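The values are calculated or read from the model by the stated rules, or taken from the named source; none is laboratory data. Remember, it's a predicted structure, so these values are computed and weren't measured experimentally. Methodologically, a virtual Cβ is constructed for each residue, glycine included, from the backbone with ideal geometry; neighbour enumeration extends over all protein chains shown. All accessible areas refer to the heavy atoms of the entire protein, side chains included, with ligands and DNA or RNA removed. Shrake-Rupley method; radii C 1.70, N 1.55, O 1.52, S 1.80 Å.
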Amino acid sequence: MHPTVAAVTERVVERSAASRQPYLARIRAAGEAGPARGRLACANLAHGFAASGADDKRALRGRTKPNLAIVTSYNDMLSAHQPYRDYPEALKKAVVRAGGIAQVAGGVPAMCDGITQGRDGMQLSLYSRDVIAMSTAIALSHDMFDGALMLGVCDKIVPGLLIGALSFGHLPTVFVPAGPMASGLPNGEKAKVRQLYAEGKVGREELLEAESASYHSAGTCTFYGTANSNQLLMEVLGLHLPGSSFVNPGTPLREALTAAAGRRATELTRAGGEPTPIGEVVDEKAVVNACVALLASGGSTNHTIHLVAIARAAGITLTWDDLADLSAVVPLLCRIYPNGEADVNHFHAAGGIAYLVHTLLGAGLLHEDVRTVAGRGLHHYTTEPVLRGDATTGALTWEEGPKRSLDTSVLRPATDPVQADGGLRVLRGPLGRAVLKTSAVRSEHRRVTAPAVVFDDQHDLLAAFGAGELDGRDFVAVIRYQGPAANGMPELHKLTPALGVLQDRGQRVAIVTDGRMSGASGKVPAAIHVTPEAALGGPLSRVRDGDLVTVDADAGVLDLHVDHDELVRRPATGRAPQGAEWAGTGRELFAAFRATVGSAETGASVFPGVTVPPQEVPVVEPV
């Protein structure tokens, strides 16, 4: 084991002991008590199977078969979730064949950051993660279930489903992916059209044509943003079946993997003979494995928030310092857009997760001795699913994946990386702490010292760009009042094309913000997630136009060249929206979230992260 990975893991274990042990005691007590369905009173149980068929009623009444909850994010507007339309019936059939029963326990909302980008709806995006977690908990709270199947793909949906599932950590749980759409217009070409549009050189029709050629069918978007980072992390956490993340929708192999997920979830219940509670799978070693995989692949900066929140849901305390220390020793191995030209289909073809896990295990950067839904040991995830025949009559097997990259321009071995360290930095300085993704930023752009240009709204920056007010000068764009407590911490990805134009013209530019820049963080250096945020009195609220700011990714510095005493004496300027300014797009309904949400560094969650102490499980006479 690499000494730094071992040391980080050990300190996570020690730091988490006071919260992890009560969590484990609670879920083990629930597991030992057996399926909660067996303790339901007659009226409760009758409600639980009233709409079921005769055979299912008999099985649920007699408690002779495991019952699996299906929690789905299906909707037919979002390409990534549209394939889930037919999953429940397919999963139910697979579960029945494996000796169990399945019920759709509930649905969770699924919003698309691609649709809401730059719109008011984006201010609900991060909050939606916790709404999804609560919706998952509501679905599982009926206590009818011996295990669960989670259907979700995109940005906040998978973290939300996982946080909710960890509240029922005694239940075996398998996450079921839907896969990416086939490759469309190359991502590099799409980015060029976006920049041309930002410069006014092409019109809206040309832009829409390019976007439609890129996002063109059912399945996940193919760039390596948060959605596809989710999929990779679910495999490395041991919650997907091996090799299932990046198989395209509508293919025989995809259908076979979906059925296999239902069978496997049944086997993981107590009745199935291999009880594997999700709360035991997601332990300290698994969380560190997820961090390593995120860094090695150049994954989404959103996971510097989500992984912290997920860990807390399992009683584990993960910090940005843990991620920074791992980033110093974990090599960047992947070139996937926006950190390269390839998409996730090319990554999968080059060896994908199977090869990535293989080379990281060989370098001592991943813990092999973990529990997974595929069995004990992360080595299961160096295998790939193979279908010999069709989805109906063919045999699905797992065979050893490639032991060398099939395209080193996309995926490299740990012995010959893209760069020696991970694609993530934690910056520190008078403005607070921030995260910066370096994997797509060229070395010559990683240090910028320039006067601040301060904005309290991303639209003001875009208006200044359109008016030519930012032309011909170096600057650091400070976009503040974008944190969790200010307006829900929206992604500011629409700023990238405009600032990219200026950088390409030779200007030195950077971004400093308490908002997010999404998994598509690009070539402009962006110090994001600044904490403390401006709305809570952070130093960003006292920055003025013309203040000299340094963003230094290599040195890990976020500096404000203003005398400390002067900065403290300055009054805060600007503000977050207030009162009636929140009306519209449902934002007025989330006042309680804005008032209680935690900092980005602690997971930007409305949940306190306090582990419930173990409680005696009440005994109710069976029906």
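When you scan region 257-271, do you find a residue that is of a type in the set (D, E, K, R) and touching a helix residue (DSSP H, G or I) at 6+ places or on another chain (Cβ under 6 Å), even just one?
yes
If Ser300 satisfies every condition in (1) under 16 Å from Ile163 (Cβ atoms); (2) among the polar types (S, T, N, Q); (3) at pLDDT below 95 but one, which is the exception?
(1)
Out of all the residues in region 93-107, which are closer than 15 Å to Ala271 by Cβ and either free of Cβ contacts under 8 Å to residues at least 60 places away in the same chain or open to solvent by 20 Å² or more (accessible area, probe 1.4 Å) (or both)? Break it down stepwise before answering.
First, the residues of region 93-107 that are closer than 15 Å to Ala271 by Cβ: 95-102.
Hits for region 93-107 are Val96, Arg97, Ala98, Gly99, Ile101.
Taking region 133-162 as the search range and keeping residues that are buried (at least 24 other Cβ atoms within 10 Å of the Cβ) and of a type in the set (D, E, K, R), which one is nearest to Pro109 (Cα to Cα)?
Lys156
Kindly evaluate Gly315 against the criterion of being more than 15 Å from Ala434 (Cα to Cα) and in contact with a Gly (Cβ under 6 Å, 6 or more places away or on another chain). Before you say what the answer is, go through the steps one by one.
Working: more than 15 Å from Ala434 (Cα to Cα): yes; in contact with a Gly (Cβ under 6 Å, 6 or more places away or on another chain): no.
Answer is no for this residue.
Please verify whether Tyr74 is hydroxyl-bearing (Ser, Thr, Tyr), closer than 18 Å to Ala313 by Cβ and surrounded by 14 or more Cβ atoms within 10 Å (Cβ to Cβ), treating the condition exactly as stated.
no
Wholly within region 297-409, which helices (runs of 4 or more DSSP H) include no fewer than the required count, namely at least 3 residues that are open to solvent by less than 20 Å² (accessible area, probe 1.4 Å), under 30 Å from Pro525 (Cα atoms) and touching a helix residue (DSSP H, G or I) at 6+ places or on another chain (Cβ under 7 Å)? Spell out the reasoning first.
Working: elements: 303-313, 320-327, 344-349, 352-362.
The qualifying helices (runs of 4 or more DSSP H) are 303-313, 320-327, 352-362.
Residue pairs, Cβ under 8 Å, 6 or more apart or interchain, first in region 317-344 and in contact (Cβ under 8 Å) with a residue 60 or more places away in the chain, second open to solvent by 10 Å² or more (accessible area, probe 1.4 Å) and aromatic (Phe, Trp, Tyr). List them.
Ile336/Phe223; Tyr337/Phe223; Pro338/Phe223; Asp343/Phe223; Asp343/Tyr337; Val344/Phe223
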